[in-house]
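Peer 1: One structure follows; several queries about it will come next.
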Amino acid sequence: MKIVIGVDDSKYSRAAVEYVKRMTWPNDTRVVVVSAVREVVPVYSEVYAPAVLYSEQLMQDLLKVHQEIAAAAVKDLAGAGFAADAQVLPGDPRAVVVDVARSEHADLVVVGSHGHTGIAKVLLGSVASHIVSHAPCSVLVVKEPS
């Protein structure tokens, strides 16, 4: 079995990793941890410091942070006996997780949910909702108790 877990720096993605660790899976289960780095869009630039330099450095910093998040999840899963590896990719988390699930021929995608409702969901969007609608396999959405 192949499981893709979408992670970020939230308690919701940590809950998804913990959920996978607690459950019983087939012995040959492999986990692919995915973290997506959203593109930085510069909105302000000073004449003496081009926005391009800021955004390039910011992207490098974000990439490093996401690599650390993914590596920590892999280490946590490996410590629980799972074969796991990580992919940190640029792009919208909704599309990145779905694309990785498709390319890895995943049997299951596991994501945490922020639980936004109403106007917050409309304004912020829902990564979990998009993945449920577009993934090529089953999706498990882990809700963190309030």
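The values are calculated or read from the model by the stated rules, or taken from the named source; none is laboratory data. Note that the structure is predicted; figures quoted are calculated from it, not measured. For neighbour counting, all protein chains shown are included, and Cβ atoms are generated from backbone atoms with ideal geometry for every residue, glycine included.
Peer 1: Looking at Val65, is it without any contact (Cβ under 8 Å) to a residue 60 or more places away in the chain and β-branched (Val, Ile, Thr)?
Peer 2: Spelling it out, Val65 is indeed without any contact (Cβ under 8 Å) to a residue 60 or more places away in the chain and β-branched (Val, Ile, Thr).
Peer 1: Quick check on the stretch 87-107: of everything there that is in contact (Cβ under 8 Å) with a residue 60 or more places away in the chain and assigned to a helix (DSSP H, G or I), which residue is surrounded by the most Cβ atoms within 10 Å (Cβ to Cβ)?
Peer 2: Val97
Peer 1: Here's a follow-up. Which of the residues belonging to the stretch 63-86 are crowded, with 18+ Cβ neighbours inside 10 Å and either closer than 25 Å to Glu39 by Cβ or among the charged types (D, E, K, R) (or both)?
Peer 2: Selection gives His66, Ile69, Ala70, Ala73, Val74, Ala86.
Peer 1: Any residue in the stretch 110-117 that is surrounded by 13 or more Cβ atoms within 10 Å (Cβ to Cβ), in contact with a His (Cβ under 7 Å, 6 or more places away or on another chain) and modelled with pLDDT of 90 or more? Explain how you work it out, then say what you get.
Peer 2: As a first pass, look at the stretch 110-117 and keep what is surrounded by 13 or more Cβ atoms within 10 Å (Cβ to Cβ): 110-116.
Going one step further and asking which of them are in contact with a His (Cβ under 7 Å, 6 or more places away or on another chain), we end up with none.
So far as the stretch 110-117 goes, no, none of its residues is surrounded by 13 or more Cβ atoms within 10 Å (Cβ to Cβ), in contact with a His (Cβ under 7 Å, 6 or more places away or on another chain) and modelled with pLDDT of 90 or more.
Peer 1: Same structure, new question: Residue by residue through the stretch 1-42, note down the ones that are small (Gly, Ala, Ser) and in a helix (DSSP H, G or I). So that I can check it myself, show each step before the final result.
Peer 2: Initial filter on the stretch 1-42 (small (Gly, Ala, Ser)): 6, 10, 13, 15-16, 35-36.
Of everything in the stretch 1-42, those that are small (Gly, Ala, Ser) and in a helix (DSSP H, G or I) turn out to be Ser13, Ala15, Ala16.
Peer 1: Among all residue pairs at least 6 apart or on different chains, which show Cβ distances below 9 Å where the first residue, located in the stretch 125-146, is part of a helix (DSSP H, G or I) and the second is among the acidic types (Asp, Glu) and modelled with pLDDT under 95?
Peer 2: Pairs found: Val127/Asp8; Val127/Asp92; His130/Asp92.
Peer 1: Shifting gears a bit: Every residue in the stretch 1-22 that is of a type in the set (A, V, I, L, M, F, W, C) and more than 17 Å from Ala106 (Cα to Cα), please. Before the answer, list the steps.
Peer 2: Filtering the stretch 1-22 for residues of a type in the set (A, V, I, L, M, F, W, C) gives 1, 3-5, 7, 15-17, 20.
The answer is Ala15, and nothing else.
Peer 1: Take Val88 and decide whether it is of a type in the set (A, V, I, L, M) and modelled with pLDDT of 95 or more.
Peer 2: Taking the combined requirement at face value, the residue satisfies it.
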